[in-house]
Amino acid sequence: MNNKKHSAGSVILAILAGMISTGCTVDAYDKGEGQYSNLTAELVQARVGTDKSITQVLTDRGEALRMETPATAKWIEKGDTTYRALLYYNIVEDGLAAPVSISRVGVLAPRDSIKGAMKTDPLYVESVWKARNGQYLNMRLRLLTGSTDDEKAIHTIGLLRDTLASTATHQHMTLYHDQGGMPEYYSTVTYASIPLSSVTADSITITVNTYDRGLVKHTVALKDL
């Protein structure tokens, strides 16, 4: 018998057009007056050196931060590249941060077509916002999951552009979500970022199938009026 299980606290998450595997432990810290109460959490561009360690990041506020000690993670597959990530850290001094935890964030490049059937299994959308530096549209999602013996069970998320409904100034998209055989016992938070360099419009509407509200449309202005 195979006793290997996906744990309820770490979802295997595949991102269409950029597949990743990551542990979603980004919401595990104390929000009160405990050990982690002074932590800052930010979405960043993490620069990985040739030794697969992170020595500096660029936050969505446009601030460059050096790491007091190099940060490493199992999900870093190659060096000399840049990853999208969620960084928990404490500030040591201006421009210098002490990393506590760093999790990979999926990047959703909009696609005009996919192989197979369109899947819109429900999930929860907690927030959608444009990064202050204007480079990404970010989504905080909550997925239902649970322990399973099925090693093939995997959440898959992507973004499909509706080319018929879209115009030169406004793009319509639908969030692809395949529950992929994962149980729906517990919830876990994950993040996804859409590079705005891939969106040639003034605004965007993303349709998402949710557990609590059914089909929900999130419309965001991408350019200042």
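The values are calculated or read from the model by the stated rules, or taken from the named source; none is laboratory data. Remember, it's a predicted structure, so these values are computed and weren't measured experimentally. Counting neighbours? That spans all protein chains shown, and the Cβs are built from the backbone with ideal geometry, glycine included. Areas reflect the complete protein model, heavy atoms only, side chains present, ligands, DNA and RNA absent. Shrake-Rupley method; radii C 1.70, N 1.55, O 1.52, S 1.80 Å.
Residues whose amide H lies under 5 Å from that of Ser101, counting only those 5 or more places away or on a different chain, are Tyr88; hydrogens are built 1.01 Å from N in the peptide plane.
Ignoring ligands, DNA and RNA, please state the percent of accessible area on the stretch 60-120 from carbon and sulfur, probe 1.4 Å. Display every interim value, and only then the final one.
Numbers: 1470 of 3290 Å².
C and S fraction of accessible area: 45 percent.
Applying a DSSP loop filter and a limit of 12 other Cβ atoms within 10 Å to the trypsin sites (Lys or Arg not before Pro) in the stretch 100-148 leaves Lys115, Arg132.
The residues of the stretch 79-205 present an accessible area of 43 Å² per residue when probed at 1.4 Å with all protein chains retained.
Quick check: net charge around Asp178, other residues with Cβ under 11 Å of its Cβ, Lys/Arg +1 and Asp/Glu -1?
Details: positive: Lys119; negative: Asp121.
Within the 11 Å Cβ shell, the charges total 0.
Placing a pseudo-label 7 Å from each Cα along the Cα-to-Cβ vector at Trp129 and Glu68 gives an inter-label distance of 2.5 nm. Can you give the percent of C-alpha pairs in the stretch 146-185 whose distance is more than 12 Å? The answer is 65 percent, as a whole percent. For Asp162, the residues 5 or more places off, or on other chains, whose built amide H falls under 5 Å of its own are His172, Met173, Thr174.
Can you tell me how much longer the chain between Asp202 and Glu77 gets when fully stretched, taken as 0.36 nm per residue apart minus their C-alpha distance, in nm with one decimal? Working shown, then result.
Working: separation 125, 0.36 × 125 = 45.00 nm, distance 3.49 nm.
41.5 nm is the gain from fully extending Asp202 to Glu77.
May I ask for the distance between the Cα centers of the stretch 147-207 and the stretch 84-134, given as a whole number of Å? If we compute the Cα centre of each part, the gap is 12 Å. Summing Cβ point charges (Lys, Arg +1; Asp, Glu -1) relative to the Cα centre of the stretch 39-193 gives a dipole of roughly 340 debye. Modelled spin labels at Met118 and Thr210, positioned 7 Å past Cα toward Cβ, are 2.0 nm from each other. For the cross-link pairs Lys115/Lys152; Lys78/Lys115; Lys119/Lys152; Lys152/Lys217; Lys115/Lys217; Lys130/Lys217, the ones whose C-alpha atoms lie over 22 Å apart are Lys78/Lys115; Lys152/Lys217; Lys115/Lys217. For Thr145, the residues whose modelled amide H falls within less than 5 Å of its own, excluding neighbours fewer than 5 places apart on the same chain, are Tyr185, Tyr186, Ser187, Thr188.
Of the accessible area of the stretch 159-225, with the probe set at 1.4 angstrom, what percent is carbon plus sulfur? Let's see the in-between values first.
Values: 1760 of 3370 Å².
It is 52 percent, rounded to a whole number.
Each residue of the stretch 133-141 is assigned a 3J(HN,Hα), and the resulting list reads 7, x, 8, 9, 9, 9, 10, 9, 10 Hz, derived from the Karplus form 6.51 cos²θ - 1.76 cosθ + 1.60 (θ = phi - 60°), x at Gly and Pro. Per-residue 3J(HN,Hα) values for the stretch 99-115, derived from phi via the Karplus relation 6.51 cos²θ - 1.76 cosθ + 1.60 with θ = phi - 60°, read x, 10, 7, 9, 10, 6, 10, x, 9, 9, 8, x, 10, 8, 7, 9, 7 Hz in sequence order (x marks Gly and Pro). Taking a straight Cα-Cα cut-off under 20 Å and skipping sequence neighbours fewer than 8 places away in the same chain, the aspartates and glutamates within cross-link reach of Lys52 are Glu68, Glu77, Asp80. Between Ser53 and Asp94, the C-beta separation translates, for a Förster distance of 22 Å, into a calculated FRET efficiency of about 0.50. Using a probe of 1.4 Å, the accessible surface attributed to Arg66 totals some 120 Å² when neighbouring protein chains are kept in position. Solvent exposure of Met118, expressed as accessible area, is near 70 Å², computed with a probe of 1.4 Å over the protein chains only. Take 173-179, 157-163 and order them by the average number of nearby Cβ atoms within 10 Å per residue, most first; the result is 173-179, 157-163.
Ordering Val220, Leu159, Val208 by the projection of their Cα atoms onto the charge dipole of the stretch 145-225, which places +1 on the Cβ of Lys and Arg and -1 on the Cβ of Asp and Glu, puts Val220 at the extreme positive end.
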